[in-house]
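Engineer: First the structure, then my questions, so here it is.
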Amino acid sequence: VARCTEAIQIAEAVGHPFSVSVTYRGLGRLHLGRGDFHQATLALEHAREICQGVDSPALFHTVSSTLGYAYALSGRSTEAILLLEEAVEGSHVMVNEGQSLRTIWLSEAYLLAGREADARAAAQRALGLARQHKERGHEAYTLRLLGEIAAREDPLDIGKAENHYRQALALAEELGMRPLLAHCHVGLGKLYRHNGDPQQAKMHLTKGVAMMREMEMGSWLERAEAELKELG
């Protein structure tokens, strides 16, 4: 946060709106990772306002999609899906970089809105894009999301959900993606709790909570702690 704030001050001082917008977008993503959706939304709305005066469609779609994801995590599904669909469709013909991540976020917005079929289709597209462009970090994000989607299917195929989570876990561990590792452990813990395996559930949730507490992950930590508390 300190480095982002310093970068914003420098960019504003020299009058470079592209850099101001990019850095506010980075600050917004940082707040999203820490689970502070309110601060993320404020930073990203400001970034989008600034980049409207910058002649860079790629930047505009990048900022808009990040804001859409913030809206999705804040429960503003209608606004989120509108922004994310526009960003995915609008950027498709102009820039491949980051298209997998925008599609991941759209998939998660669909899932949070209860549109599981759309979420699954978008996640499969995101996985294909990530692998096509060798974006292994985005591949790891998508595998975890596919685990989340599979965990909501009725009837539940625990093997399918578990396989996605464990693939994401292995790749995240290899790449050193600690926040994603924490999310994977929490996801597995929730899966095992709902499937009636309290021992496995407690092991993964305890590990996920410990990692999130160490990284000060705000509301993500609160949600994980609530899941652990449900085990008694």
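Engineer: Which pairs do you get when a residue that is under 17 Å from ASN195 (Cβ atoms) and open to solvent by less than 80 Å² (accessible area, probe 1.4 Å), found in the stretch 152-175, comes within reach of a residue that is part of a helix (DSSP H, G or I) and of a type in the set (Asp, Glu), reach meaning Cβ atoms under 9 angstrom, with the pair 6+ apart or on two chains?
Structural biologist: Qualifying pairs under 9 Å: GLU153/GLU116; ALA161/GLU148; HIS164/GLU148; TYR165/GLU148.
Engineer: Listed residues ARG125, ARG144, ARG115; which is at pLDDT 95 or above, over 27 Å from LEU175 (Cα atoms) and not hydrophobic (A, V, I, L, M, F, W, C)?
Structural biologist: ARG115
Engineer: Additional query: Mind listing whichever residues of the stretch 104-131 are touching a residue at least 24 places away in the same chain (Cβ under 8 Å) and either open to solvent by 60 Å² or more (accessible area, probe 1.4 Å) or within 18 Å of GLU153 (Cα to Cα) (or both)?
Structural biologist: The answer is SER107, GLU108, ALA109, TYR110, LEU111, LEU112, ALA113, GLU116, ALA119, ARG120, ALA123.
The values are calculated or read from the model by the stated rules, or taken from the named source; none is laboratory data. The structure displayed is predicted, hence computed values, not measured ones. Glycine also receives a Cβ, built like all others from the backbone with ideal geometry; neighbour counts cover every protein chain displayed. SASA here: full protein model, heavy atoms, side chains in, ligands and nucleic acids out. Shrake-Rupley method; radii C 1.70, N 1.55, O 1.52, S 1.80 Å.
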